[in-house]
Ligand code: SF4
């Protein structure tokens, strides 16, 4: 169980250094909050880096992966991923809901195994097939 108030990822609110992950170049960005509330971004080779930094400050999100319990299957845990990136401040509740799931075999890779996880509006997708135990 993960504490709901546990901060898994640092939320940015002031000047910060970050690495743009939009393309493999990985520009090292410096973002500075100006008095008018706008963000000044330097170090980017293209404007996608600015959009990335703005999103990191405004609404940081991460893809979530993990495993769920599966009954009557050839293995006991099913690898899953979120259908889209999850807001970082809701990741603890998302993970807790994910770990409480008890699925039943068979499961096909790509199946939606849970919808609207923890009220996030985001689903969980199976990333492996599990057959029923013989
Ligand atoms: S700023 Fe542009 S060039 Fe640099 S890593 Fe981001 S997307 Fe790639």
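The values are calculated or read from the model by the stated rules, or taken from the named source; none is laboratory data. Because the structure is predicted, anything quoted here is derived from the model rather than measured. We place every Cβ from the backbone using ideal geometry, glycine too, and count neighbours over all the protein chains shown.
What to note about this one:
- Single match in 88, 70 (criterion: modelled with pLDDT of 95 or more and surrounded by 13 or more Cβ atoms within 10 Å (Cβ to Cβ)): 70
- From the list 93, 83, the one residue that fits, being surrounded by 15 or more Cβ atoms within 10 Å (Cβ to Cβ), touching a residue at least 24 places away in the same chain (Cβ under 8 Å) and touching a helix residue (DSSP H, G or I) at 6+ places or on another chain (Cβ under 7 Å), is 93.
- Of the listed requirements (1) more than 13 Å from residue 67 (Cα to Cα); (2) surrounded by fewer than 17 Cβ atoms within 10 Å (Cβ to Cβ); (3) in contact (Cβ under 8 Å) with a residue 60 or more places away in the chain, residue 108 misses just one: (3).
- Elements of type strands (runs of 3 or more DSSP E) in segment 15-72, at least 2 residues being closer than 27 Å to residue 92 by Cβ and touching a strand residue (DSSP E or B) at 6+ places or on another chain (Cβ under 7 Å): 16-19, 28-33, 65-71
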